[in-house]
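Worksheet: the structure to be examined is printed underneath.
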Amino acid sequence: MLDRDSPGFAGGNFTHEDRDRSLDRTRVFNARRSGSRGMVTWLLLGPGVLAMLGENDGPSMLSYAFSGATYGIGFFLPFIAVTFAAAYVVQEMSMRLGAVTHRGYGELIFQRFGRFWGWVSAGDLFVTNLITLITEVIAIRIGMAFFDISAPIAVAFAVGLVVLSACGSRYSRWERLAMGLALFNLVFLVVAVLARPSPQALGHAFLTWTPLPKGSASVFLLVLASNIGATVTPWMLFFQQSASADKGLTPRDIPQGRLDTLIGTLLAAVAGCAALVAAAPLFTHHVDMSQNLSGTGFPQALLPLIGRPAAILFALGLMEAGAVAMLTISASTAYAVSEVAGGVGHSFNQSIREAPLFHVANIGVAAMAGAIVLIPGTPLMAIALNANLLATVLMPPALVFLLILANDREIMGSNVNSRTTNFLGILITALVTAAGSAYAVVAFLETFQSKGH
């Protein structure tokens, strides 16, 4: 009798997509049979690392840098590390759902909750992803501007990268291209070292969460919510669950899926904290980046403080962050749109002819974002911060659906959430909701008071 994890398992006629995925599964099966745990881990590495490093995108790195420039090394350094721990809890559920059900997040919501909620979730994601993709193009534009490369060329590069990635007709090729780019996210660690932070200040921040932020409550809550939205976002659920299914993960692969997600979490947390540390000299030298909402010139502002090599690496890091996110966020949009449409191809293992809606959505949303960035007078930094804020506001409903699905024994069997995971998931949902609501209330009250005067 054939195991479902073996390459000989067949459930009907093989399609082109089935054959491609079967080749990938054959490699995993042979590695397991030979007892090579390292090779099994390597072959299954991908969705978790990409979800986490892809979330270290343009607006996220700008948000972390803005935190360091505004508040220095203190409260937000350990806070960013905690948000990544929360992201691991959320993404582990997403990976497990994909491995057990072989369905993407949008497809599963459509099947379990009906067409209405399926299209609502896809619509919310499309709007959020479009705004986020605008910020990815902004990050690439900012990075290239440091090298005097014009905005139209930067936009063409961003959109062209998505087009190029879709030409392989294999998920594994797309994944390795994105993985290669994603590892350059660690360039921010080099910049942080070149910024020469005080080891005592770093240790004091992690041990005591001080000094505490001072100043405007609305600015603090905006940065707080923006940092949450930089690590726990709706597109990550769609992407990792759909990518896990597209990669062909099975319940037997869940331990490797957890390791994949953990590796991505640790790498992304280090890079995110490094971006804050790299920009902290702006706080020390009293450079007010809040007055630069139209240009977000972090590399230029850091140039006299940390030197040209570090400023160049910071600019390259922004370009890399935007580039990886262009690939992963466009992909999550394509997965969501084609999955809820039903009956159409939704895989990188299929060509444009075999899955036209998937590839059109993938490339089209990137092109739309690029066109918007070229509009004169666009407030770049304001968009970047508020894109993460929007993700924070829209995340609670996605988390509720995720928790319901991960506790559904009919589809998950013995792989339902543990009590600990449920407790952490509910706590994260409550905190994300509170952060978004608190900012909205404080911002409203401050606006009301200013008009009263």
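Whether a residue is at pLDDT 80 or above and within 30 Å of Gln300 (Cβ to Cβ) was assessed, and Met179 does not pass this test.
Is it the case, given these coordinates, that Val232 is surrounded by 24 or more Cβ atoms within 10 Å (Cβ to Cβ) and not in a helix (DSSP H, G or I)? Yes: the conditions hold for Val232. State yes or no: is Leu133 surrounded by fewer than 18 Cβ atoms within 10 Å (Cβ to Cβ), in contact (Cβ under 8 Å) with a residue 12 or more places away in the chain and not acidic (Asp, Glu)? So Leu133 fails the test. Looking at Thr261, Thr231, just one residue is β-branched (Val, Ile, Thr) and more than 26 Å from Arg173 (Cβ to Cβ), and that residue is Thr231. Among the residues of the range 1-43, those identified as assigned to a loop (DSSP other than H, G, I, E, B) and modelled with pLDDT of 65 or more are Ser34, Gly35, Ser36. The listed residues are Val162, Val90, and the only one of them that is of a type in the set (A, V, I, L, M, F, W, C), closer than 25 Å to Phe314 by Cα, in contact (Cβ under 8 Å) with a residue 12 or more places away in the chain and crowded, with 24+ Cβ neighbours inside 10 Å turns out to be Val162. Of all residues in the range 110-160, those that are outside any helix (DSSP H, G or I) and of a type in the set (Val, Ile, Thr) total 1.
Each residue in the range 235-270 was checked for being small (Gly, Ala, Ser), within 21 Å of Glu136 (Cβ to Cβ) and buried (at least 24 other Cβ atoms within 10 Å of the Cβ), and 4 of them qualify. Reported count of residues in the range 128-177, each being of a type in the set (A, V, I, L, M) and on the phi > 0 side of the Ramachandran plot, is 0. Cβ-Cβ distances below 6 Å connect the following pairs, each with a first residue in the range 74-85 that is over 13 Å from Pro213 (Cβ atoms), a second residue that is hydroxyl-bearing (Ser, Thr, Tyr), and a separation of six or more residues or different chains: Thr83/Thr231; Phe84/Thr231; Phe84/Thr265. Of the residues making up the range 406-426, just one is in contact (Cβ under 8 Å) with a residue 24 or more places away in the chain and either among the basic types (Lys, Arg) or more than 23 Å from Gly104 (Cβ to Cβ) (or both), namely Leu424.
When only residues in the range 44-60 that are touching an Asp or Glu at 6+ places or on another chain (Cβ under 6 Å) and part of a loop (DSSP other than H, G, I, E, B) count, which is modelled with the lowest pLDDT? The extreme case among them is Asp57. Within the option set Gly38, Gly54, being small (Gly, Ala, Ser) and within 14 Å of Gln240 (Cβ to Cβ) holds for one residue only, Gly54. For the range 271-282, indicate whether the set of residues that are surrounded by fewer than 24 Cβ atoms within 10 Å (Cβ to Cβ), farther than 23 Å from Gly180 by Cα and out of contact with any strand residue (DSSP E or B) (no Cβ under 9 Å at 6 or more places or on another chain) is non-empty. Among the residues of the range 271-282, at least one is surrounded by fewer than 24 Cβ atoms within 10 Å (Cβ to Cβ), farther than 23 Å from Gly180 by Cα and out of contact with any strand residue (DSSP E or B) (no Cβ under 9 Å at 6 or more places or on another chain), which makes the answer yes.
Conditions (1) of a type in the set (A, V, I, L, M, F, W, C); (2) modelled with pLDDT of 95 or more; (3) crowded, with 18+ Cβ neighbours inside 10 Å, marked per residue:
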position: Thr378; (1), (2), (3): no, no, no
position: Met395; (1), (2), (3): yes, no, yes
position: Leu399; (1), (2), (3): yes, no, yes
position: Ser418; (1), (2), (3): no, yes, no
position: Ala430; (1), (2), (3): yes, no, no
position: Thr433; (1), (2), (3): no, no, no
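The condition (being touching a Pro at 6+ places or on another chain (Cβ under 6 Å) and at pLDDT 85 or above) is satisfied by just one residue among Phe113, Phe157, Phe206: Phe206. Where residues in the range 32-73 are among the small types (Gly, Ala, Ser), over 19 Å from Ile428 (Cβ atoms) and surrounded by 24 or more Cβ atoms within 10 Å (Cβ to Cβ), which of them is farthest from the chain's Cα centre (by Cα)? Restricting to residues being among the small types (Gly, Ala, Ser), over 19 Å from Ile428 (Cβ atoms) and surrounded by 24 or more Cβ atoms within 10 Å (Cβ to Cβ), the top hit is Ala69.
The values are calculated or read from the model by the stated rules, or taken from the named source; none is laboratory data. What you see is a predicted model, and the numbers here were worked out from it, not measured in a lab. All Cβ positions, glycine included, derive from the backbone under ideal geometry; neighbour counts span all protein chains shown.
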